Amino acid sequence: MKCVSPQYQEYISGSLSEGFQFYWIDLDVMSSPLVVNVVLEVEDVINPQCEFIAIDSGCQPGFSKLLPLYSFVNRDATCLNLDTLCLSRISFLQEKLKYILNKNCDSKSHGPCISTNFPKGYDICYGIPIDPDSSNKFLKNFTTNFWDTVKSDILKQKEIPIMHFVPKGPMEGDNSGIQWLKSFSVLEKYIVRSLNHVQFCCYGLLKIVIHFEIEECLETQDTLCSYHLKTVLFHVLEDIHVNFWIPSNIIWCFRICLIRLLLYVQKGVCPNYFIPDCNLFLKEGFMEKKYKIEGRLLRVLQYRPDDLLRFLQPLSFRNLVCLIPNASRKLKKLMTISFALLCVKGHHTTYNECMLSIFNIINAFEKEEKYLMKTVLIYLFSIVMRRAGVILYEKFILTGFREYLFSSEAALSLARYSNASGALYLATLYYCERKFKHAIHVISGVLTKLPDSILFCISYNNALLKDIANSSFTDLLRNYNSHSVYLDRNSCFRPQLLENEVNGCIIGEYVMYDKSYAYFLKFLCYLEFKNKRKCTKTLSKLYKSYTDIRFIVYDSQTKRNSRTLGIIAKSRMKLLN
């Protein structure tokens, strides 16, 4: 979630930090100084890092002035104009922009962020942290129905900076540039990661629909954003009981959120979740486009539940249509559902949530009549089982009870049927338990099923088209769906040699190309047998995996992580020699 430098603590924010991997998202980073804090009240001052105090007087809701603490404490109200001492966000941002420009990077100021063209889609926002004592006092007084556990965990740790001030001012009433926006982005990330699977998927579906219906429409561009959707979701979660958020209700959960968003648009008021008096629709150009936004949202609500898959099609058809314009209906359905499952990859549920989801999926499967939806439910069943298997293995490590180990193996054995790369988690368990022959056997099976290219990136020869015509959707999802391997930073489920890499990853998960990880794991097994010939052969295939077409289309971080596997394997090979 964060990485620490000598001067700044950096937080990955936005959709990427929440677990989404849509092709249109940017990399958003908030950089926060380690030795400067803001307090909300004078009595909160307890450490020398508190340099500023936030003054709400004369500011719009959600905004404050940042005054040097020494001036506020020692002020003489009769002769001192406090506004002249307030920290100017404009000069602050200009200073940071100058620092970036000194690095010869093409950049510009964009709201509270500094946006760069290289690397593409990189936005950095400098925020000043609110002292944990002040933010915890705010947290204690904030009541919630759905993230009490998150609240308790933060208060127990005491020193977590969850609130910041960022250099963004209100639309009106701040000509001198001294009003700063109160940001809850770090706290929001904790809350999003606490959502159950259905809540998270509903959030992802909202992002997809709004992107294609609002953001890509010229008439409604730059109006609604992900933050509005997150705010709507939080408000709905306060009102709708947690037992309603189950797989069979996901379409209705989505519609409730969409209707709430429509009501906010019609009123022209979207209350900030943490500061209800702050209206998030007070942005330039919103009111002029309000009726057009209403019309597009109403159009979405008129579709039947099954038609919501229409919004996922651009994700698959973006490259598919131009390559195979005469593709069969079966292939188009496959690509639509395949990419839907890829884009919303889920989150880390608890064991009880996994079991509840499994029961709900089984119940939904018995009632479902459509073959495609049954295929999706089978796939989701396997994915949830994979998560349950990882949790059970962690329980085995903590307690030593072999019953947990056997249950974990059973769960991961079921999970291997989700897709070819899903079996790599079972192979990982075998490797961790030193069952190297078992691991090699599973990996060899995986490698026969992993394709060399993503379905829409290859030329469609007769053999593949024959597969599509004759196979079931379940087989197609299993064999042709492209997946990465994720190792969680907070989990013990991983090879020991990747300990440093996984612990040092930025976004909480170490993501690798499945074929590279398969050869790496196989190499480690042969290394245990001190089989130099097979180690050499496997290492060569590991290097070759970096040239696959399927590898080339992955994001840069996944490629970098995958190449690191080769570096680690090469260093171990030298020891074998």
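Per-structure values
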| item | result |
| --- | --- |
| Qualifying residue in region 533-551 (condition: touching a residue at least 24 places away in the same chain (Cβ under 8 Å), surrounded by fewer than 18 Cβ atoms within 10 Å (Cβ to Cβ) and of a type in the set (S, T, N, Q)) | yes |
| When residues of region 20-50 are limited to those that are assigned to a strand (DSSP E or B), modelled with pLDDT of 80 or more and surrounded by 18 or more Cβ atoms within 10 Å (Cβ to Cβ), the one nearest to the chain's Cα centre (by Cα) | Asp28 |
| Which listed residue is crowded, with 18+ Cβ neighbours inside 10 Å and outside any helix (DSSP H, G or I), from Tyr526, Tyr510, Tyr517 | Tyr510 |
| In region 181-198, the residues that are small (Gly, Ala, Ser) and surrounded by 21 or more Cβ atoms within 10 Å (Cβ to Cβ) | Ser183 |
| Pair list, Cβ < 6 Å and 6+ apart or interchain, from region 229-251 residues that are crowded, with 18+ Cβ neighbours inside 10 Å to residues that are among the basic types (Lys, Arg) and in a helix (DSSP H, G or I) | Val232/Arg260; Val236/Arg260 |
| Within region 362-395, considering residues that are in contact with a helix residue (DSSP H, G or I) (Cβ under 9 Å, 6 or more places away or on another chain) and outside any helix (DSSP H, G or I), the one modelled with the highest pLDDT | Glu368 |
| Criterion: part of a helix (DSSP H, G or I) and closer than 30 Å to Leu380 by Cα - qualifying residue of Arg533, Arg494, Arg560, Arg572 | Arg560 |
| Residue that is surrounded by the fewest Cβ atoms within 10 Å (Cβ to Cβ), among those in region 396-408 that are in contact with a helix residue (DSSP H, G or I) (Cβ under 7 Å, 6 or more places away or on another chain) and within 21 Å of Leu498 (Cβ to Cβ) | Leu405 |
| Qualifying positions in region 260-271 - in a helix (DSSP H, G or I) and farther than 20 Å from Phe200 by Cβ | Leu262, Leu263, Tyr264, Val265, Gln266, Lys267 |
| Residue match in region 146-159 (condition: assigned by TED's automatic domain parsing to the domain that holds Gln266, closer than 22 Å to Trp252 by Cα and buried (at least 20 other Cβ atoms within 10 Å of the Cβ)) | no |
| Residue selected from region 378-395 under the condition out of contact with any Cys (no Cβ under 6 Å at 6 or more places or on another chain), in contact (Cβ under 8 Å) with a residue 60 or more places away in the chain and among the aliphatic types (A, V, I, L, M), by the criterion surrounded by the fewest Cβ atoms within 10 Å (Cβ to Cβ) | Ile378 |
| Subset tally (residues that are under 25 Å from Cys50 (Cα atoms) and assigned to a loop (DSSP other than H, G, I, E, B)) for region 144-169 | 9 |
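The values are calculated or read from the model by the stated rules, or taken from the named source; none is laboratory data. Quick caveat: nothing in here was measured; it's all calculated off a predicted structure. Glycine also receives a Cβ, built like all others from the backbone with ideal geometry; neighbour counts cover every protein chain displayed.
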